[in-house]
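Shown next, in structure tokens, is the structure this report addresses.
The values are calculated or read from the model by the stated rules, or taken from the named source; none is laboratory data. Bear in mind the structure is a predicted one, so any value in this text is a computation, not a measurement. Every residue, glycine among them, receives a Cβ derived from its backbone with ideal geometry; neighbour counts consider all protein chains shown.
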Amino acid sequence: MLTIGYAAVVLKELNHAIGQIAEEEAETLVDRILQTNKIFVAGAGRSGLMGRAFAMRMMHIGMEGYVVGETVTPNLEKGDLLIVGSGSGETKSLLAMAEKAKSLNGAVAAITIFPESALGKLADITVKMPGSPKDQSEGSYKTIQPMGSLFEQTLLLFYDSVILRLMEKRGLNSETMYGRHANLEFSKEI
């Protein structure tokens, strides 16, 4: 198969995967985000990169979204929300963050393939994502993609869809977002 042929198959997989996410779970997350002062996002590896993109868009729509571990990330306080993207729901460092958030009276949302995982059981909100574990020898969900690629791509699409829903609920559009877009790197004066 040639490159664009692979891309077409990946798009079919993503279309199928998005259709497997429960709308009620997604809406519960959106509603909780709207009730929260600060939203913290965490994930390991590529899942963490998807979370960074999500936090960036939250900033663009005027919300206090932060990436756990960044030097400019403030403290989590009572009532704040930690959103953790983890395919397995068993990554030890992410579990420790979730436990810490709970001990500080924060809420935890788990975006995971396995809601019955340790992270899923700890979470106040769980969004079940379709996908297969990195070791694809187990499970019935099949993909042509390596490792956790399907989960990570679905996670990014899900996060972007949450942003669109938040924009809708807050009466925002792309034009209103540009007012918060970075502007230092495009200086016309030298």
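Could you check how many residues of the stretch 9-33 are among the small types (Gly, Ala, Ser) and modelled with pLDDT of 95 or more?
Of all residues in the stretch 9-33, those among the small types (Gly, Ala, Ser) come to 17, 19, 22, 26.
Next cut, modelled with pLDDT of 95 or more only: 22, 26.
Looking only at that region, the number is 2.
Which of the residues spanning the stretch 31-86 are among the charged types (D, E, K, R), free of Cβ contacts under 8 Å to residues at least 24 places away in the same chain and closer than 19 Å to MET167 by Cα?
If the condition is that a residue be among the charged types (D, E, K, R), free of Cβ contacts under 8 Å to residues at least 24 places away in the same chain and closer than 19 Å to MET167 by Cα, then ASP31, ARG52 are the ones that fit.
Condition check: at pLDDT 85 or above, farther than 24 Å from GLY89 by Cβ and polar (S, T, N, Q). Does ASN173 satisfy that? Steps first, answer last, please.
Values: at pLDDT 85 or above: yes; farther than 24 Å from GLY89 by Cβ: yes; polar (S, T, N, Q): yes.
Taking the combined requirement at face value, the residue satisfies it.
Do any residues in the stretch 4-24 that are surrounded by 10 or more Cβ atoms within 10 Å (Cβ to Cβ) have Cβ atoms under 8 Å from those of residues that are among the aromatic types (Phe, Trp, Tyr) and modelled with pLDDT of 95 or more, where the two are at least six apart or on different chains, and which pairs are they?
As it stands, the answer is ILE18/PHE158; ILE21/PHE158, since those pairs meet every condition given.
So the check is Cβ under 8 Å with 6+ separation or different chains; which pairs have a first residue in the stretch 87-113 that's under 23 Å from ALA22 (Cα atoms) and a second one that's basic (Lys, Arg) and at pLDDT 95 or above?
What qualifies is ALA107/ARG32; VAL108/LYS102; ALA109/ARG32; THR112/LYS128; ILE113/LYS128.
I'd like to verify a number: residues in the stretch 24-60 that are closer than 18 Å to LEU155 by Cβ, assigned to a helix (DSSP H, G or I) and not aliphatic (A, V, I, L, M), how many? Break it down into steps so the answer makes sense when it comes.
Of the stretch 24-60, the ones closer than 18 Å to LEU155 by Cβ are 25-30, 32-33, 39-58.
Then keep just the ones that are assigned to a helix (DSSP H, G or I); that gives 25-30, 32-33, 45-58.
After this cut, where a residue has to be not aliphatic (A, V, I, L, M) as well, the list is 25, 27-28, 32, 45-48, 51-52, 54, 57.
So the answer is 12.
Examine the stretch 92-99 for a residue that is modelled with pLDDT of 95 or more, under 16 Å from the mean Cα position of the chain (by Cα) and not in a helix (DSSP H, G or I), and state whether such a residue exists. Lay out the reasoning, then the answer.
So the first thing to find is which residues in the stretch 92-99 are modelled with pLDDT of 95 or more, and the list is 92-99.
Subset that is under 16 Å from the mean Cα position of the chain (by Cα): 94-95, 97-98.
Cutting the leftovers down to not in a helix (DSSP H, G or I) gives us none.
For the stretch 92-99, residues modelled with pLDDT of 95 or more, under 16 Å from the mean Cα position of the chain (by Cα) and not in a helix (DSSP H, G or I): absent.
Could you figure out which of (1) at pLDDT 95 or above; (2) out of contact with any strand residue (DSSP E or B) (no Cβ under 6 Å at 6 or more places or on another chain); (3) of a type in the set (A, V, I, L, M, F, W, C) isn't true of LEU155?
Here LEU155 meets the rest and fails (2).
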